[in-house]
Amino acid sequence: MEILLVEDSQADARLTIEALKEGHVKNRLTIVRDGVEALSFLRGEKWFSRAPRPDLILLDLNLPHKDGRSVLTEVKADDDLKSIPVVVLTASKDHEDMLRSQQLHVEGYMTKPVDMDQFISLVKQLKAFWHADVILPALD
């Protein structure tokens, strides 16, 4: 499972990495530190031209340069990106952020500090859904 973590806090990134390890979620994790980098990665721009398409985006809302709200809006408006599941991991308890995220059809919204058991359960559900949705070509 390819996961893109968009997180500017090194401590929060470390916690996410540990949670994925503890939950035995096999993944390849790429971390970008701001919204501009996230969109460049997702669009394969500049030095991200060979970046893999993520199966899941873990997105912080409070980011430098371009905040996660803008990133989420652009991802969900882009026909090539909108099918990628997004889980918002944020310190924001703002009701408007939660409503806006729901309107943009995020797969999860978790406030920091994140309940790790709940987080792992959500990632495993998304992983199972992603694997169930994969259709392999018929053998001739």
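Remarks
- Residue match in segment 41-49 (condition: surrounded by fewer than 16 Cβ atoms within 10 Å (Cβ to Cβ), at pLDDT 85 or above and at positive phi): yes
- Only one of the listed residues (Lys112, Lys82, Lys76) is surrounded by 12 or more Cβ atoms within 10 Å (Cβ to Cβ), of a type in the set (Lys, Arg) and at pLDDT below 75. That residue is Lys112.
- Filtered residues of segment 50-67 (kept if surrounded by fewer than 16 Cβ atoms within 10 Å (Cβ to Cβ) and farther than 20 Å from Thr90 by Cα): Arg50, Pro52, Arg53
The values are calculated or read from the model by the stated rules, or taken from the named source; none is laboratory data. Quick caveat, the model's predicted, so the values are computed rather than measured. Reconstructed Cβ throughout: ideal geometry from the backbone, glycine too, with neighbour counts over all protein chains shown.
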